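The values are calculated or read from the model by the stated rules, or taken from the named source; none is laboratory data. Remember, predicted model here, so these are calculated numbers, not experimental data. Cβ sites come from the backbone with ideal geometry, for glycine too, and all protein chains shown count toward neighbours. Remember, those area values only see protein heavy atoms, side chains included, never the ligands or the DNA or RNA. Shrake-Rupley method; radii C 1.70, N 1.55, O 1.52, S 1.80 Å.
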2 protein chains.
Amino acid sequence: MLTISQLASYAGVTVRAVRHYHKVGLLPEPERDRSGYRTYDAAAVVRLIRIRTLADAGVPLARVQELLDASAEEFAGGVQEIDKDLRAEIRRLQDTRSRLARLAAGEHLALPQSVVGYLDRLRGLGVGERYIELERDAWIMIAAQVPDLIDSVIAKKHEELDDPDMVRLYSFFTGEPDWVAGDPRIVEVADILERLMIRAVEAGEVGADGFDDQFVALMDSTMLESAPGAELVLAILKERGWSGWTRIERVPADRLN
Amino acid sequence: MLTISQLASYAGVTVRAVRHYHKVGLLPEPERDRSGYRTYDAAAVVRLIRIRTLADAGVPLARVQELLDASAEEFAGGVQEIDKDLRAEIRRLQDTRSRLARLAAGEHLALPQSVVGYLDRLRGLGVGERYIELERDAWIMIAAQVPDLIDSVIAKKHEELDDPDMVRLYSFFTGEPDWVAGDPRIVEVADILERLMIRAVEAGEVGADGFDDQFVALMDSTMLESAPGAELVLAILKERGWSGWTRIERVPADRLN
DNA sequence: TGGAGGGTTGACCCAGCGTCAAGGTCAAGC
DNA sequence: GCTTGACCTTGACGCTGGGTCAACCCTCCA
């Protein structure tokens, strides 16, 4: 006969676990010897090892109970399902490994691949890291708000970048220029923006974009804070009857001052 | 700005989990809008996704905290260790899968392979399943008590089985014979047993075997109950001055009756 | 005879949330 | 302006599978 610790160590579990199984009724309480010690037989070993094998597979103890007390067919069916879950779990862990590797490599898991590609294209145009980070955060917010539209939105941005005007516009975001009033580039930027806007208005692309006002306001203020020349550009555009930045609009004539 | 449920669903976690991370200090509490709702920015998205990636890898939240607040090198080292654990976990699950398959196939996980082989050899000798089960349970108990000796014990049993006497002896355990007193095979079994004992005594192999008395008594009584002829054999042997079955001994002369 | 090394029960503790409970808020429709 | 339904808030309890004491008993060996 076996003592509890012999049983436990042979089955590879702790004494505490065996007692736990007794308490939850998973393993029947065995006979006691005259001093109250539990004494186990071979059947207990077999049952305990079956319990462990299932529990190691992540099966909840209640389910283990059901399975062990079920018919052979039910048992086989249950085991098959457990095996399916195990395979899925293994795949999940492998997936986690690759995500972890990308995390360690500094990759931005918060962004879909399409956005990462778009940012890389901007980088290729010589756009500075400071601006890229701003865009990146904006895209994270956009992706979080409309995750299933993001790929098509990015596709449209890529098309826009095929326009030389747009490329020229982005090229102003290189490095850390401290533009002062009177810089001729300010007028150039304003000209480009106005051309782009007019084209957008003609294409009927202006209006509701699905983003909330708070977000648009945030984007605008962030842009103004980070791009020193932006304020000057906005002033020129305002004179010409436009307002906004992230979401540009024709200002109604009666509100022009 | 994002609400808590937008943040949560984009990062693939529950709202409850996000609040939990706030409570444990893993994710800083963000600003609230005027009605008390939490409003999140891109940095929160990034941090939450890093948290999830690590937590999905099974890292405890406290360790996630440490890692995210650590230097890049510490982080890389930590991630490497986590990846090692993940690989180990995947291997463990694969191992569990194969154990599960053996369990479903009815194979006896409670026994080391050497014992399974030995039982198969007995089966090959024509020994009945009823007796095999008795032996199996006995071996389970032995293996549980002295797990590291089991292989060498089995090796010795294999050697014994090379002896034709032993083979003949086991052949009596076939089927379900109902031996009655006077059956000539009883004397034959007793003769064989006596020869084997004498040889064992001469080889000095008799005496302490490391099993406890209770176990030996259990084996004896089980054997007597299950093998109808055993009692008759024992009677003959007793006359000749031997006692026991599982552990056979010369009976001291003064205790012979 | 006493100390080590088993055993016994019982009670509390842990992560990582899930799940009510009991409300306050917001946008939309009537 | 009122209702409805979807979200938001905090707070408290529950769950798994045991770990970790605590306080005590039993057995064995020197």
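In this simple spin-label model, placing a label point 7 Å from the Cα along the Cα-to-Cβ direction at both residue A:80 and residue B:35 gives a separation of 5.1 nm. Rounded to the nearest 10 degrees, the inclination of helix B:72-104 to the longest alpha-carbon principal axis of chain B is 40 degrees. Note on the protein assembly as shown: with neighbouring protein chains present and a 1.4 Å probe, carbon and sulfur make up 52 percent of its accessible heavy-atom surface. Amide H contacts for residue B:242 (H built 1.01 Å from N in the peptide plane; partners 5 or more residues away or on another chain; cut-off under 5 Å): B:251. Evaluated with a Cβ-only charge set (Lys, Arg +1; Asp, Glu -1), region B:1-101 carries a dipole of roughly 520 debye about its Cα centre, given to the nearest 20. Normalised Debye scattering of region A:90-143 at q = 0.15, 0.22, 0.24, 0.27 Å⁻¹ gives log10 I(q)/I(0) of -0.50, -0.86, -0.95, -1.06, counting only Cα atoms as equal scatterers and leaving out solvent.
When a/c is below 1.5 the answer is rounded, else prolate if a/b is larger than b/c, else oblate, so apply that to region B:21-162 with a ≥ b ≥ c taken from the square roots of the Cα gyration tensor eigenvalues. In terms of gyration-tensor shape, prolate.
Distance between the modelled labels on residue B:15 and residue B:101, one decimal in nanometres: 4.5 nm (7 Å Cα→Cβ projection). Taking every residue in A:158-166 and counting other chain Cβ atoms within 10 Å of its Cβ, the average works out to 0. On the principal axes of its alpha carbon atoms, region A:4-104 extends 62, 36, 20 Å, with the longest extent given first.
Take residue A:161, move 7 Å from Cα toward the beta carbon, and the resulting point lies 7.3 nm from the same point in each other copy, nearest first. Once all protein chains are placed together, residue B:172 keeps about 20 Å² accessible to a 1.4 angstrom probe. Of the chymotrypsin sites (Phe, Trp or Tyr not before Pro) found in region A:12-42, those that fall in a DSSP loop while having at most 16 other beta-carbon atoms within 10 Å are A:37. The residue among B:119, B:58, B:26 whose Cα reaches farthest toward the positive pole of the charge dipole of chain B, with charges on the beta-carbon of Lys, Arg, Asp and Glu, is B:26. In the assembly of identical copies, residue B:195 has its label point, taken 7 Å from Cα in the direction of the beta carbon, separated from the corresponding points by 11.2 nm (ascending, one decimal).
Solvent-accessible surface, computed for protein heavy atoms with a probe of 1.4 Å, shrinks by 50 Å² or more for the following residues of region B:98-143 when the other protein chains are added to the isolated chain: B:100, B:103, B:110, B:141. Placing a label point 7 Å from the Cα of residue B:128 along the Cα-to-Cβ direction, the distances to the matching points in the other copies come to 9.4 nm, shortest first.
Run lengths n ≥ 4 of DSSP H only: what is the helix-derived mean residue ellipticity at 222 nm for the protein assembly as shown, with -39500 (n - 2.57) per run over all residues, to the nearest 500? Calculated at 222 nm, the ellipticity per residue is -20500 deg cm²/dmol.
Helix B:184-202 and the longest principal axis of the Cα set of chain B meet at an angle near 70°. Measuring from each Cβ of chain B to the axis carrying B onto A, the nearest residue and its distance in whole Å come out as B:90, 3. A simple spin-label model places pseudo-atoms 7 Å from Cα toward Cβ; at residue A:174 and residue B:68 they are separated by 3.8 nm.
The residues of region B:9-85 expose, per residue, 55 Å² of accessible area to a 1.4 Å probe. For region B:27-59, a decrease in accessible area of 50 Å² or greater in the assembled protein chains relative to the isolated chain, with a 1.4 Å probe, applies to B:42, B:46, B:49, B:53, B:56. Think of the protein assembly as shown as a dipole: +1 on every Lys or Arg Cβ, -1 on every Asp or Glu Cβ, centred on the Cα centre; then among B:229, B:172, A:67, A:67 lies furthest on the positive end. The alpha carbon gyration tensor of chain B gives principal lengths a ≥ b ≥ c with a/c of 1.5 or higher and a/b greater than b/c, which makes the shape prolate.
Put the Cα centre of region A:32-100 next to the Cα centre of region A:124-150 and the gap is 47 Å. Checking the Cα-Cα distances for A:84/A:157; A:157/A:238; A:84/B:23 against a 31 Å cut-off, the pairs over it are A:84/A:157; A:84/B:23.
Interface of A with B. Using a 1.4 Å probe and counting protein heavy atoms only, the two chains hide about 4300 Å² of accessible surface, both sides summed. Semi-axes of the equivalent ellipsoid for the protein assembly as shown, computed as √(5λ) from the eigenvalues of its C-alpha gyration tensor and ordered from largest down, come to 83, 20, 19 Å.
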